[in-house]
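S.K.: Just dropping this structure here.
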Amino acid sequence: MNTTTVSLERPNVHERRRENVATDINVNALVKNASKAIAPLWPIAAFVARHPWMGLEHLSFEQVAHRFKLLRNIDLYPSMSMVRAAQRKGELNPEFLEMRLQRWLDEQPLMIPREEAERFCRAALQCEEIPNEVLTSPQLKSLTAKVKDMRLRYDSNHLLTRPLSLLLEEQGKEKWARVLDHQMIKWCKLFLDESQALWAMPYREKGFYYAWRKLVINDPSLNKQQRERLKDLPHAAEEALRQALMLLGIPHGEMKGYLEAHLLSLPGWAGMLLWRSQQSGQAHLLLVDYLAIRLSLEWALIAPHLPFAKQKDDDEAFLLPLLAAWMHWGGWTPEKWLQLPQAEQKARLSFAYRFDKIVRGKLWLEAWEDTQEAQLKKRIASHSQNNEPKQAVAQLIFCMDVRSEPFRRHLEQAGPFETYGCAGFFGLPIKTRELDSSHAHASCPVIVKPQHEVREYASAANVKEYRKRRNVLLSVSHTFKKMKQHLLASMLLPEVSGPLLGLHTLARSIAPSGAGRFFRHVQETLEHKPMTELSLHRDDSLKTTDLPVGFSAEEKVRYVSNLLKGMGLTSRFAPLVVVCGHESTTTNNPYASSLDCGACGGAAGGFNARVFAALCNLKEVREGLAKEGIVIPEDTVFVAAEHMTTVDELCWLYVPTLSEAAQKAFDMLQGKLEEVSRNANNERLSKLPGLEGKKKDPLAEAHRRAEDWSEIRPEWGLAGNAALIIGRRELTKHCNLEGRVFLHSYDWRKDPSGEALANIITGPVTVAQWINLQYYASTVAPHYYGSGNKTMQTVTAGIGVMQGNASDLLAGLPWQSVMASDEEIFHSPLRLLVIIEAPQQNIERLFEDDPHFRRKVKNGWLRLVSIDPDSGEWKAWR
């Protein structure tokens, strides 16, 4: 076996020769580029859907799938079991697979007969892997040895660098990669801890690398020699990273790939550090610290095994699976194969190399997506109506969330009600601060920078009394936590609290609904939060860290106008307009925030709904809107509510004095809500495992699941999401979209400049795409991008979850959020289909003005279809 040697020299040997090379290494640029392979990870308390490959959109989806297969052996396309299940359920039509195959073959430089290529491909598409008995057969090994000198043109894997610790582990040495991961998990937990640990990490305030460098020389988990190697590390993380790269012998051209591979080893912890850096305005500083620590540790662990001998590409190992493919799928025998001229052998091997597992997965996924697109097109075409809608008694503005679709449909069927959809932050780039709180939450999509802060306020006397009551509860909670952590008090605590907590546990287990309502009522009674107002008007006297409190007169009008125009709601206002945020209610659920509003930064959307409704009722706002041609009748009143998605109910948040017409509309709507809730719950609960065909009161069952602390699936969340429709409600009003489609209202006739559509693409479409790809990744690669079993998760450091006490920080969704059972998926892993109701020239203008969106479509990160408003023709954009 031929080998190449990687040299290793200590920094004090031939220093002058190394000095110039080391100074050429731009550490910050390397880390910045390498960090594109991972995504920021938000703390679990404000869980935000994250697009795992957001930094790689300059590559095609297929290229990224190839990279992750080679680097981490991760399949980013659905498995054969998933596509088989889709076929059985009628979600995947084999005719579309054949069409995709023919299109792929048309693009290939075929050097073999077309019919033979088709037979080979069809056989390969029906099998996920070649059987092991074929791969290990003596006849195949003998054949491979005879043709091993055949040279093929192929992409060499050496371009994708892998950590030396992992390569040593694969060669049968000690499990250095696992030891290194375990070390990094330990140090990341200590540094990132949010007051969960009793003893804080010393020196933490001076930075990650600084604290680690001070402490690691006393780490008992390292042996004496390893600690000795780490004694004289540079003081600066940048210099330590340069030194580690040199000591490990990483060639300059491979350094970015090497850092990328290390970030992908623990993408959760690395993602959390990236988020922390970005939040503090430090760019990639913490990742520089992280990589300096990781590579320094790697060198300290594997130094005795250096210089490292890299094995050259093994031609036999490369050729064997290609030959096996032709034996198994092509029907060839070794004897017949050897009779072929070498040119024909090369042509067939080259074809088998190109038609690899990634290409087969791509064809299956595209056929699945084509089938779903055709079914959605048929459903919309058969139900859409272009008649002018009748005047509604009440109009309700919902978040475009897929969970709103069934509720909106049942509401429209119940009476003269009209619904609209938009991003659930209602176009307000704000931070929200609840009454007497020191924390302001960015209640807008993470891609939007907050521009204002809005606070709740009440009279000084009411706030003082409220603070006293709340502080009592906080003191009790804090004391209980400290007693649990105290060596002596923790022994006494079970004796003191046991009877009370035992009764609490018993009540929660036997009667979860009743107990949950009782305990929540007790807490609300003890807190007794007073009625509050909102700081809507700009007040420069209020102190804040970085944002103005409230809005100027011009800003109020602009935000309201932008949203109303974006939805096409600029006339024909009903007497009552309800602005609906949404929130989930669950118990004992670390992932509770993942069920809240993604457009509100992983929080409930009620605060934003309340702010928007209050702005719409201001006299100066209506006067400003009238100047823009948006006239809101005097008797029209905006109110705010919250759609509780777990129980499909509306909870009123802000109901000002109503006009006579608005009061009649409110009473009519209120009278229909129980029926709507019952129907929506009945539809939603029928999809949950274990409830199919069972006759239960849907309202009672929904409330039980929301309050039951042992319930692993209180609701499906956004599982099943597959498409986003941007258009008038008339397009889909009479369609049952099964809670799988985001619905954003838009009327192209009221958007001649295209500005409203551009804003929808920049904000809501990006949010929906991130949600879609997080569900996709958690389904196709749950071991890497998911978060495992809910029942085995450990909340760690107050920031996220792990499996056990030494895993990566898990970034995605638990399997209960995407799987109906261990064997059956619930979420269909499809890339988001964006459907825009607008003329073709509007889409062309959109592509010209937004090259980033055009690149997303071209590279396969989402799919785009437009519907011509006049002819109804569907046009796919690729």
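The values are calculated or read from the model by the stated rules, or taken from the named source; none is laboratory data. Values in this document were obtained by computation on a predicted structure and should not be read as measured data. Methodologically, a virtual Cβ is constructed for each residue, glycine included, from the backbone with ideal geometry; neighbour enumeration extends over all protein chains shown. When the accessible area is computed, the model is the full protein with side chains, heavy atoms only, and any ligands, DNA or RNA have been set aside. Shrake-Rupley method; radii C 1.70, N 1.55, O 1.52, S 1.80 Å.
Residue by residue, here is whether (1) more than 26 Å from the chain's Cα centre (by Cα); (2) open to solvent by 40 Å² or more (accessible area, probe 1.4 Å) holds:
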position	(1), (2)
698	yes, no
710	no, yes
716	no, no
725	no, no
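S.K.: Would you be able to tell me the number of residues in the range 713-727 that are at pLDDT below 95 and either within 20 Å of residue 876 (Cα to Cα) or in a strand (DSSP E or B) (or both)?
M.R.: 0
S.K.: Out of the range 841-878, which residues are assigned to a helix (DSSP H, G or I) and among the acidic types (Asp, Glu)?
M.R.: 844, 848, 849
S.K.: Can you go through 173, 206, 214 and tell me which one is in contact (Cβ under 8 Å) with a residue 40 or more places away in the chain, at negative phi and of a type in the set (Lys, Arg)?
M.R.: Of 173, 206, 214, the one residue that is in contact (Cβ under 8 Å) with a residue 40 or more places away in the chain, at negative phi and of a type in the set (Lys, Arg) is 173.
S.K.: Within the bounds of the range 316-324, is there any residue that is within 38 Å of the chain's Cα centre (by Cα), open to solvent by 40 Å² or more (accessible area, probe 1.4 Å), over 30 Å from residue 448 (Cα atoms) and in contact (Cβ under 8 Å) with a residue 60 or more places away in the chain?
M.R.: yes
S.K.: Also, quick follow-up: Need the failing condition index for residue 743 against (1) closer than 28 Å to residue 868 by Cα; (2) assigned to a helix (DSSP H, G or I); (3) not small (Gly, Ala, Ser), just the number.
M.R.: For residue 743, the exception is condition (2).
S.K.: Let me ask something else about it. Select from the range 841-878 the residues that are open to solvent by 30 Å² or more (accessible area, probe 1.4 Å) and aliphatic (A, V, I, L, M) and list them in ascending order.
M.R.: 876
S.K.: Here is a further query. Look through 644, 668 and report the one residue that is open to solvent by 50 Å² or more (accessible area, probe 1.4 Å) and in contact (Cβ under 8 Å) with a residue 60 or more places away in the chain.
M.R.: It is 668.
S.K.: Restricting to the range 645-686, give me the number of residues that are closer than 15 Å to residue 700 by Cβ and assigned to a strand (DSSP E or B).
M.R.: 1
S.K.: Could you count how many residues in the range 500-525 are part of a helix (DSSP H, G or I) and either of a type in the set (Phe, Trp, Tyr) or open to solvent by less than 90 Å² (accessible area, probe 1.4 Å) (or both)?
M.R.: 16
S.K.: Another question about this same structure. Of the residues that sit in the range 788-804 and are polar (S, T, N, Q) and either touching a strand residue (DSSP E or B) at 6+ places or on another chain (Cβ under 6 Å) or not in a loop (DSSP other than H, G, I, E, B) (or both), which one is most open to solvent (accessible area, probe 1.4 Å)?
M.R.: That would be 791.
S.K.: Got a number for residues in the range 784-809 being in contact with a helix residue (DSSP H, G or I) (Cβ under 7 Å, 6 or more places away or on another chain), farther than 21 Å from residue 180 by Cβ and free of Cβ contacts under 8 Å to residues at least 40 places away in the same chain?
M.R.: 3
S.K.: Looking at the range 591-641, which of the residues that are polar (S, T, N, Q) and not in a loop (DSSP other than H, G, I, E, B) is surrounded by the most Cβ atoms within 10 Å (Cβ to Cβ)?
M.R.: Among them, the one singled out is 608.
S.K.: Counting just the residues of the range 534-546 that are within 34 Å of the chain's Cα centre (by Cα) and surrounded by fewer than 13 Cβ atoms within 10 Å (Cβ to Cβ), which one comes out modelled with the highest pLDDT?
M.R.: 546
Quick grid of which residues meet (1) at pLDDT 95 or above; (2) open to solvent by 20 Å² or more (accessible area, probe 1.4 Å):
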| site | (1), (2) |
| --- | --- |
| 180 | yes, no |
| 184 | yes, no |
| 194 | no, yes |
| 197 | no, yes |
| 202 | no, yes |
| 209 | yes, no |
| 239 | yes, yes |
| 263 | yes, no |
| 266 | yes, no |
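S.K.: When the range 848-873 is examined, which residues are found to be in contact with a Lys or Arg (Cβ under 9 Å, 6 or more places away or on another chain) and farther than 23 Å from residue 567 by Cβ?
M.R.: Hits for the range 848-873 are 848, 857, 858, 860, 861, 863.
S.K.: Looking at the range 824-857, which of its residues are of a type in the set (D, E, K, R) and touching a residue at least 60 places away in the same chain (Cβ under 8 Å)?
M.R.: Matches in the range 824-857: 824, 831, 837, 845, 849, 850, 855, 856.
S.K.: Something else now. Can you list the helices (runs of 4 or more DSSP H) lying wholly within the range 56-137 that have 1 or more residues being surrounded by fewer than 19 Cβ atoms within 10 Å (Cβ to Cβ) and touching a His at 6+ places or on another chain (Cβ under 6 Å)?
M.R.: 132-135
S.K.: Okay, next question. Inspect all residues belonging to the range 819-834 and state whether any of them is surrounded by fewer than 19 Cβ atoms within 10 Å (Cβ to Cβ), more than 24 Å from residue 737 (Cβ to Cβ), among the charged types (D, E, K, R) and touching a Gly at 6+ places or on another chain (Cβ under 8 Å).
M.R.: no
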